[in-house]
Amino acid sequence: MGERTLDALNPGEAAHVVDLDRLHPLRRRLLELGFVRGARVMVVRRAPMGDPVELRVGGTDLALRASDLLGIRVRE
Amino acid sequence: MTATVPPAIVPTTTVPPATALPRLPDEAACLQTVARLKAAHEPRVVVVGNPNTGKTTLINAVAGTNLKVGNWAGVTVEKREARLSVQGRPLLLLDLPGAYSLSPHTPEELITRTALLDEGPDVILNVLDAGNLERNLYLTLQLMDFHVPVAVALNLVDEAREKGLTVDAAALSRVLGVPVIETVASKGQGTGKLLDTALKGATLGIGVRYPQAIEAAAADLITRMAELPTLPPHAHRYLALALLEGDPSVRGRLSATGHLPLIDAADAHLAALDAEGVDALIEIAEARYARAGDLARVAVPRAEARRTLSERLDRLALHPLLGIPIFLALVLLVFRLTFSVASPFVDLIGGPLQTTLAGWAAAALAWFPLGRDLVVGAIIPGVGTVLSFLPTLLVLYLAMSFLEDSGYMARAAFLMDRIMRGLGLDGRAFIPLILGFGCNVPAVSATRTLERRSDRVVVSMILPFMSCSARLPVYVVFAAALFPRSGSWIVWSMYILGMAVAFAFAWALRRTSFPAEGGGVLLELPPYRFPAWRVLWKHAWRRTASFAKRARTTVLATVAGVWLLLALPAVAGGKFATVAPQDSVFGRVSEAVSPIFAPLGFGNWQATGALVPGFIAKEVVVGTLGQIYLGEQAAAPAPLSLWTGVQGAVIATWDTIKTSVSAIPTVLALPRLGTDTTADQKTPLAQALAAAFTPAAGLAYLVFVLLYTPCIVTVGAIAQEHGRRIAWITVAYQMGIAWGMGFLTYQLARLWM
């Protein structure tokens, strides 16, 4: 039940956003797209070469690179 | 202008729900806005919405043929506007580029934000995707920070209902405090009364009440702004909040316009907030999402979990094993479609149509030989060259728009991202490169989908190395002449070599002139949608027409220039226009230049001269080689009677249409690999080439043709997108690389052959 970064989730798993790293290069955009505290994020799938990763937040499907998932902390 | 301007009606249903704290707009300012709206001779309605909300389709449905498409000043983002009359009242409809938010991340978003600040909008028409309300409402709430009346078009309601959502527009209108009109733009539903309702009913709405500390800071900044006449009053609240969010583009703009004290004040507030443990950026985003969530729950009271078509399609399209093969197959399909459907038309324009026209011109101008030669030798072929590009471009643009608007391009970017990463690019950059195999021109304009300018420039600069379809005829002729056994291998290796050089060059560019900008990569995967044919056709047609407009001057000038050089005698006693090619200025200049190509194995004036028209379009190289080696003078075609000409043209056109249509089913057949079929019929040109080139020199020539300066039209497209400087640099280094690679090829090939 502890906190993890989003890259630790497997496809099909979901968790709630705790916070975004202050230095995350996409911080502003992610906030605007709904990565606010408490929002539910689901990992939908990984691309054929393992990266990037498709996520679902709210009604939006988007893809981030695994390296950009490190700065997103979540909990169950 | 009628005197009976309808009064702005404030809906009686704007009672805020208990969940939302109403923002009480300053009453005087509110009345002022309403008065301005009434008085505006031609109110400006700006249309704003997230990408993929069907906004373009909606605009097309509303504005129809009044829509004028141009470019925003200084950038290559499309500007769509229409002057309309709604119930006898004129208005200007201005479509702003799609934006997720007003803190700009892309050139498109920057334009939208800037237009909201500077274009003096009287009404904001906000288009929402009913199937994704929460995120769409984030932008709505940000728009409400402007002091401009808002009306909402709730689009794609059909799709939302298919997803199992219950959409209640009346409830949304009630809690948002602005009129909400349900629309299904693709079917024209709700679009008729949209503008009328927007004009009459738009109100300031109920925006977000931010946490007290932030509201206090914003209020202070707004007070300071009141003393600054240069800041548009309708944007004060928005600007204050953007400053507190630390929006770099707003800070940049304000500091550039000399508002440093304002920025200092904002920084002081931010420091104070930070000391209290308040992160304004996060608090503002959370306040907006909290309100957006509340609104969405009212508007969409019931959502069944239903697996959508998009999810099912993605299971296949993004399959771990099948995803990439499916993508490659689709690309192949697009090219086969393009060439099967377009090539009969290309042949028609290049062949019978031009011959017929040339015949008429020759007959009509028989009394004026010089004019006749200019028209027949330069103008008709010049125009013909431009026209012969059009069928290919139209089909390619149609296919491209289909893949884009359907949502598939975003999937392609997702699949290809990993491959492009080594070059400091993201998956989206793969699409222009693939398109480059068809034609470099649309590929250059496709770089617009990339967010960062340096990415756009790098991709445009390596694009011309992708072997476009116009280069294929050159390979085919040489392969048949010099390598009858291994022709298909030669052709394939050209494609591979082009790609290898492109990637190597991107790598080099990244390490020298255009280092990869940092920052994460975010790819949106919008739901699949079947695009409206009308919109696709309009897009493709407009892009093709704008190409023709751009290309005609350059191409005509270049063709006329080559003709003139070929016509000018360089020897004493030579007569203008009848001089033999080798005695023309063209021949002499080519001869003077040709030693440069001696280390590449083809240092004669014929081979060198044929490269020059290749600047216009690379397939012309073959024609010029024919002219030079076989001595086919561009003799005036036999004059035709008007009637025979028309007859011939009609028959040829009909045959073309038949061939083109009958080609469609064969598109689905497997592609024919290689070009060996051409080998059994050694044409006179092939024989001449076999005599003139050693295999090693022929190979070097092909490598040079593959890599040297793209056609003048591509150069024009690069200049249009990125400026003349980048275009000239591209021309220069491609010449250099082509020479270097040609040299290597010749010297290495000589060792083996």
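Please go through region B:74-100 and pick out each residue that is outside any strand (DSSP E or B) and of a type in the set (Gly, Ala, Ser).
Of the residues in region B:74-100, the ones outside any strand (DSSP E or B) are B:74-77, B:87-88, B:96-100.
Listed by number, the residues that qualify are B:GLY74, B:GLY88, B:GLY98, B:ALA99.
Out of (1) outside any helix (DSSP H, G or I); (2) over 19 Å from B:PRO695 (Cα atoms); (3) out of contact with any Leu (no Cβ under 9 Å at 6 or more places or on another chain); (4) of a type outside the set (Lys, Arg), the odd one out for B:PRO484 is which?
(2)
Go through the residues of region B:43-63 one by one and say whether even a single one is loosely packed, with under 14 Cβ neighbours inside 10 Å and at pLDDT 70 or above. Spell out how you get there, then give the answer.
From region B:43-63, those loosely packed, with under 14 Cβ neighbours inside 10 Å are none; that's our starting set.
No; the residues of region B:43-63 include none that is loosely packed, with under 14 Cβ neighbours inside 10 Å and at pLDDT 70 or above.
Which count do you get for residues in region B:294-334 that are touching a residue at least 12 places away in the same chain (Cβ under 8 Å) and in a helix (DSSP H, G or I)?
Narrowing region B:294-334 to residues touching a residue at least 12 places away in the same chain (Cβ under 8 Å): B:294-296, B:298-306, B:308-310, B:313-314, B:317-318, B:323-324, B:327, B:330-334.
Still in the running and in a helix (DSSP H, G or I): B:294-296, B:298-299, B:309-310, B:313-314, B:317, B:323-324, B:327, B:330-334.
Summing the residues that are touching a residue at least 12 places away in the same chain (Cβ under 8 Å) and in a helix (DSSP H, G or I) in region B:294-334 gives 18.
Could you go through region B:526-548 and let me know if any residue there is touching a residue at least 60 places away in the same chain (Cβ under 8 Å), charged (D, E, K, R) and in a loop (DSSP other than H, G, I, E, B).
If we filter region B:526-548 for residues that are touching a residue at least 60 places away in the same chain (Cβ under 8 Å), which is where we start, we get B:526-532, B:534-544, B:547-548.
Those left that are additionally charged (D, E, K, R): B:529, B:534, B:538, B:542-543.
Next, from what is left, pick out any that are in a loop (DSSP other than H, G, I, E, B): B:529.
Among the residues of region B:526-548, at least one is touching a residue at least 60 places away in the same chain (Cβ under 8 Å), charged (D, E, K, R) and in a loop (DSSP other than H, G, I, E, B), which makes the answer yes.
Here is a check on your reading of the model: is B:THR356 surrounded by 19 or more Cβ atoms within 10 Å (Cβ to Cβ), under 28 Å from the mean Cα position of the chain (by Cα) and farther than 30 Å from B:THR166 by Cα? Give the derivation first.
Details: surrounded by 19 or more Cβ atoms within 10 Å (Cβ to Cβ): yes; under 28 Å from the mean Cα position of the chain (by Cα): no; farther than 30 Å from B:THR166 by Cα: yes.
So B:THR356 fails the test.
Quick one: would you say B:VAL593 is in a loop (DSSP other than H, G, I, E, B), β-branched (Val, Ile, Thr) and either farther than 30 Å from A:GLY34 by Cβ or more than 38 Å from the chain's Cα centre (by Cα) (or both)?
On the way: in a loop (DSSP other than H, G, I, E, B): no; β-branched (Val, Ile, Thr): yes; either farther than 30 Å from A:GLY34 by Cβ or more than 38 Å from the chain's Cα centre (by Cα) (or both): yes.
So B:VAL593 fails the test.
Looking at region A:31-44 only, could you name the residues that are surrounded by fewer than 21 Cβ atoms within 10 Å (Cβ to Cβ) and at the interface with chain B (Cβ under 10 Å from one of its Cβ atoms)?
Of everything in region A:31-44, those that are surrounded by fewer than 21 Cβ atoms within 10 Å (Cβ to Cβ) and at the interface with chain B (Cβ under 10 Å from one of its Cβ atoms) turn out to be A:ARG37, A:GLY38, A:ALA39, A:VAL44.
Quick one: in region A:47-66, of everything that is more than 8 Å from chain B (Cβ to nearest Cβ) and farther than 21 Å from B:TYR138 by Cβ, which residue is surrounded by the fewest Cβ atoms within 10 Å (Cβ to Cβ)? Steps first, please.
Here is the first cut: in region A:47-66, the ones more than 8 Å from chain B (Cβ to nearest Cβ) are A:53, A:55-57, A:66.
Still in the list and also farther than 21 Å from B:TYR138 by Cβ: A:53, A:66.
On the way: A:VAL53: 22, A:ALA66: 14.
Per the criteria, the residue is A:ALA66.
Is it the case that region B:150-172 has a residue that's of a type in the set (Asp, Glu), at pLDDT 90 or above and closer than 21 Å to B:THR449 by Cβ?
Scanning region B:150-172, I find no residue that is of a type in the set (Asp, Glu), at pLDDT 90 or above and closer than 21 Å to B:THR449 by Cβ, so the answer is no.
Which helices (runs of 4 or more DSSP H) sit wholly inside region B:101-193 and have at least 1 residues that are within 26 Å of B:VAL535 (Cα to Cα) and of a type outside the set (Ser, Thr, Tyr)? Give the derivation first.
Working: elements: B:107-118, B:133-143, B:157-162, B:169-176.
Qualifying helices (runs of 4 or more DSSP H): B:107-118, B:133-143, B:157-162.
Among (1) modelled with pLDDT of 90 or more; (2) more than 13 Å from the chain's Cα centre (by Cα), there is one condition B:ARG452 misses while meeting the rest; what is its number?
(1)
B:THR230 - would you say it is in contact with a His (Cβ under 9 Å, 6 or more places away or on another chain) and either in the same structural domain as B:PRO179 (by TED's automatic domain parsing) or not in a helix (DSSP H, G or I) (or both)?
yes
With respect to B:LEU536, is the statement that it is surrounded by 15 or more Cβ atoms within 10 Å (Cβ to Cβ), more than 27 Å from the chain's Cα centre (by Cα) and at pLDDT 75 or above true? Can you show your working first?
Numbers: surrounded by 15 or more Cβ atoms within 10 Å (Cβ to Cβ): yes; more than 27 Å from the chain's Cα centre (by Cα): no; at pLDDT 75 or above: yes.
When the stated conditions are applied, B:LEU536 does not pass them.
Could you check A:LEU20 against (1) in contact with a Pro (Cβ under 8 Å, 6 or more places away or on another chain); (2) within 9 Å of another protein chain (Cβ to nearest Cβ); (3) more than 20 Å from B:TYR528 (Cα to Cα) and say which number it fails?
For A:LEU20, the failing item is (1).
Can you find, within region B:570-596, the residue that is farthest from B:GLN734 (Cα to Cα) among those that are in contact (Cβ under 8 Å) with a residue 40 or more places away in the chain and buried (at least 17 other Cβ atoms within 10 Å of the Cβ)?
My answer is B:ALA577.
Here are some conditions: (1) within 11 Å of chain B (Cβ to nearest Cβ); (2) touching an Asp or Glu at 6+ places or on another chain (Cβ under 6 Å); (3) on the phi < 0 side of the Ramachandran plot. A:ARG73 meets all but one. Which one does it not meet?
Answer for A:ARG73: the failing condition is (1).
Determine whether region B:234-251 contains at least one residue that is in a helix (DSSP H, G or I), surrounded by fewer than 17 Cβ atoms within 10 Å (Cβ to Cβ) and under 35 Å from the mean Cα position of the chain (by Cα).
Yes: region B:234-251 contains one or more residues that are in a helix (DSSP H, G or I), surrounded by fewer than 17 Cβ atoms within 10 Å (Cβ to Cβ) and under 35 Å from the mean Cα position of the chain (by Cα).
Would you check if there is a residue in region B:415-432 being in contact with a His (Cβ under 7 Å, 6 or more places away or on another chain), small (Gly, Ala, Ser) and surrounded by 22 or more Cβ atoms within 10 Å (Cβ to Cβ)? Talk me through it step by step, then tell me what you get.
Taking region B:415-432 first, the residues in contact with a His (Cβ under 7 Å, 6 or more places away or on another chain) are none.
Scanning region B:415-432 turns up no residue that is in contact with a His (Cβ under 7 Å, 6 or more places away or on another chain), small (Gly, Ala, Ser) and surrounded by 22 or more Cβ atoms within 10 Å (Cβ to Cβ).
For region B:701-724, check the following and say yes or no: at least one residue is over 17 Å from B:LEU497 (Cα atoms), assigned by TED's automatic domain parsing to the domain that holds B:TYR495 and among the aromatic types (Phe, Trp, Tyr). Break it down into steps so the answer makes sense when it comes.
Taking region B:701-724 as the starting set, the residues that turn out to be over 17 Å from B:LEU497 (Cα atoms) are B:711-724.
Keeping just the survivors that are assigned by TED's automatic domain parsing to the domain that holds B:TYR495 gives B:711-724.
When the remaining residues are screened for being among the aromatic types (Phe, Trp, Tyr), the result is none.
No - not one qualifying residue is present in region B:701-724.
Counting residues that are closer than 23 Å to B:TYR495 by Cβ and away from every other protein chain (no Cβ under 14 Å), which helices (runs of 4 or more DSSP H) fully inside region B:364-458 reach at least 3?
On the way: elements: B:369-374, B:380-406, B:408-420, B:430-436, B:440-446.
Here the list reads B:380-406, B:430-436, B:440-446.
Give the residues of region B:596-627 that are outside any loop (DSSP other than H, G, I, E, B) and of a type in the set (A, V, I, L, M), sorted by residue number.
Applying the first criterion (outside any loop (DSSP other than H, G, I, E, B)) to region B:596-627 yields B:596-600, B:605-611, B:613-615, B:620-627.
Across region B:596-627, the qualifying residues are B:ILE596, B:ALA598, B:LEU600, B:ALA607, B:ALA610, B:LEU611, B:VAL620, B:VAL621, B:VAL622, B:LEU625.
Please verify whether B:GLY407 is at positive phi and either assigned by TED's automatic domain parsing to the domain that holds B:GLU619 or modelled with pLDDT of 85 or more (or both), treating the condition exactly as stated. Let's see the steps before the verdict.
On the way: at positive phi: yes; either assigned by TED's automatic domain parsing to the domain that holds B:GLU619 or modelled with pLDDT of 85 or more (or both): yes.
Judged against the criteria, B:GLY407 is a match.
May I ask you to verify whether B:ALA502 is small (Gly, Ala, Ser), under 29 Å from the mean Cα position of the chain (by Cα) and in the same structural domain as B:PHE389 (by TED's automatic domain parsing)? So that I can check it myself, show each step before the final result.
Working: small (Gly, Ala, Ser): yes; under 29 Å from the mean Cα position of the chain (by Cα): yes; in the same structural domain as B:PHE389 (by TED's automatic domain parsing): yes.
Yes.
Could you list, in sequence order, the residues of region B:359-405 that are over 19 Å from B:LEU556 (Cα atoms), aromatic (Phe, Trp, Tyr) and within 34 Å of the chain's Cα centre (by Cα)?
B:TYR397, B:PHE402
So which residues in region B:80-103 are touching a residue at least 60 places away in the same chain (Cβ under 8 Å) and facing another protein chain (nearest Cβ under 10 Å), if there are any at all? Step through it out loud before you land on a result.
At the first step, the residues of region B:80-103 found to be touching a residue at least 60 places away in the same chain (Cβ under 8 Å) are B:84, B:86-91, B:93, B:102-103.
Of everything in region B:80-103, those that are touching a residue at least 60 places away in the same chain (Cβ under 8 Å) and facing another protein chain (nearest Cβ under 10 Å) turn out to be B:LEU102, B:SER103.
Any idea which of B:THR730, B:THR745, B:THR714 is polar (S, T, N, Q) and either surrounded by fewer than 21 Cβ atoms within 10 Å (Cβ to Cβ) or farther than 30 Å from B:VAL383 by Cα (or both)?
On the way: B:THR730 fails: either surrounded by fewer than 21 Cβ atoms within 10 Å (Cβ to Cβ) or farther than 30 Å from B:VAL383 by Cα (or both); B:THR714 fails: either surrounded by fewer than 21 Cβ atoms within 10 Å (Cβ to Cβ) or farther than 30 Å from B:VAL383 by Cα (or both).
Sole residue among the options that is polar (S, T, N, Q) and either surrounded by fewer than 21 Cβ atoms within 10 Å (Cβ to Cβ) or farther than 30 Å from B:VAL383 by Cα (or both): B:THR745.
Taking A:ARG28 and the conditions (1) at the interface with chain B (Cβ under 8 Å from one of its Cβ atoms); (2) part of a strand (DSSP E or B), which numbered condition does it fall short on, given that it satisfies the others?
The number of the failed condition is (2).
Being farther than 19 Å from B:THR56 by Cβ and within 13 Å of chain A (Cβ to nearest Cβ) is the filter here; which residues of region B:120-134 pass it?
B:LEU133, B:GLU134
The values are calculated or read from the model by the stated rules, or taken from the named source; none is laboratory data. Only a predicted model underlies this, so the values are computations on that prediction, with no experimental measurement involved. Cβ: placed from backbone, ideal geometry, glycine included. Neighbour counts: every protein chain shown.
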